[in-house]
Amino acid sequence: MRITVNRRAHFNAAHRLYNKAWDDATNERVFGKCSNPNFHGHNYELIVGITGEIDPVTGYLIDLKIVKDMIKSEVEDVLDHKNLNIEVPEFKNLNPTVENIAVVIYNKMKNVLDDKYDLTITLYETPRNFVVYTGT
Ligand code: NI
């Protein structure tokens, strides 16, 4: 029997979407307001889903305190109140779209999570726009 536990988290971050190979006009045409050279912010909502078997001893899938601490060290401490383009090395040469941010979060969380679990990252950039990444 497999079950998924979810933990919600939140961070604010600034970004600019652009392709270095293009001029500002082309970037604005493709990325619209998100290509503002002076950056802009989003309130990101994150749902970290962890799937596996219930431990018969504890009745837990995983202690959510552990998940909370992982999200703090791997996501919040790294991304919250940061300019993603400038301050987060993963986005030095990677466009900080919601898609790419979800993949970066997935990889960082997967690094510290026991291999017996499957991971699902759901990331909202706005209340209506969100992505889901399961590592495949
Ligand atoms: Ni944006």
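The values are calculated or read from the model by the stated rules, or taken from the named source; none is laboratory data. Just so you know, these numbers come straight off a predicted model, no measurement behind them. Don't worry about glycine lacking a Cβ; one is built from the backbone with ideal geometry, like all the others, and counts go over all protein chains shown. To get the accessible areas, we keep the full protein, side chains included, count just its heavy atoms, and leave off ligands, DNA and RNA. Shrake-Rupley method; radii C 1.70, N 1.55, O 1.52, S 1.80 Å.
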Worksheet item: PRE reach from N129 (point 7 Å along Cα→Cβ): which of the stretch 75-111 fall under 13 Å by backbone N?
Response: 96-101
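Just by accessible area at a 1.4 angstrom probe, what is the order of H15, H42, H10 from largest to smallest? Intermediate results must be reported in sequence, preceding the final value.
Values: H15 0, H42 30, H10 75 Å².
From most accessible down to least: H10, H42, H15.
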Discussion item. Given contacts defined as C-alpha pairs under 8 Å and at least six residues apart, what's the relative contact order of the chain, whole-number percent?
Written reply: 30
Discussion item. Below 8 Å, C-alpha to C-alpha, sequence gap of six or more: please give me the relative contact order for the stretch 13-55 in percent.
Written reply: 44
Practice prompt. Using a 10 angstrom cutoff on alpha carbons, build the Gaussian network for the chain and name the most mobile of L94, L84, L123.
Written response: L94
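Run the dipole for the chain about the Cα centre, Lys and Arg Cβ at +1, Asp and Glu Cβ at -1, nothing else charged, and hand back the magnitude in debye, nearest 20. Could the numbers behind the result be given before it?
Numbers: 16 positive and 19 negative charges, 48 e Å.
Computed about the Cα centre, the dipole is about 240 debye.
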Worksheet entry | Options L123, I105, V88, ranked by Cα towards positive dipole end of the chain, top entry (Cβ charges) | L123
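Excluding the sites themselves, what is the longest stretch of the chain that contains no trypsin sites (Lys or Arg not before Pro) in a DSSP loop with at most 14 other C-beta atoms within 10 Å? The partial results should precede the final answer.
Working: sites that count: K20, K92, K116, R128.
Answer from the scan: 21-91.
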Fill in: Under 5 Å, built H, 5+ apart or other chain: amide partners of R16
N85
Worksheet item: Taking K and R as +1 and D and E as -1, what net charge do the other residues with C-beta under 14 Å from the C-beta of H15 add up to?
Response: -1
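With 16 Å as the cut-off, how large is the P(r) tail for the stretch 73-114, expressed as percent of Cα-Cα pairs? Display every interim value, and only then the final one.
On the way: 256 of 861 pairs.
When every Cα pair of the stretch 73-114 is considered, 30 percent fall beyond 16 Å.
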Worksheet item: Kirkwood hydrodynamic radius for the chain: how many Å is it when counted over pairs of different Cα atoms?
Response: 15.9
Item to complete: Among the lysines, select those whose C-alpha is under 19 Å from the C-alpha of K20, and discard any that sit fewer than 8 residues away in the same chain.
Response: K33, K92
Discussion item. Given contacts defined as C-alpha pairs under 8 Å and at least six residues apart, what's the relative contact order of the stretch 67-136, whole-number percent?
Written reply: 27
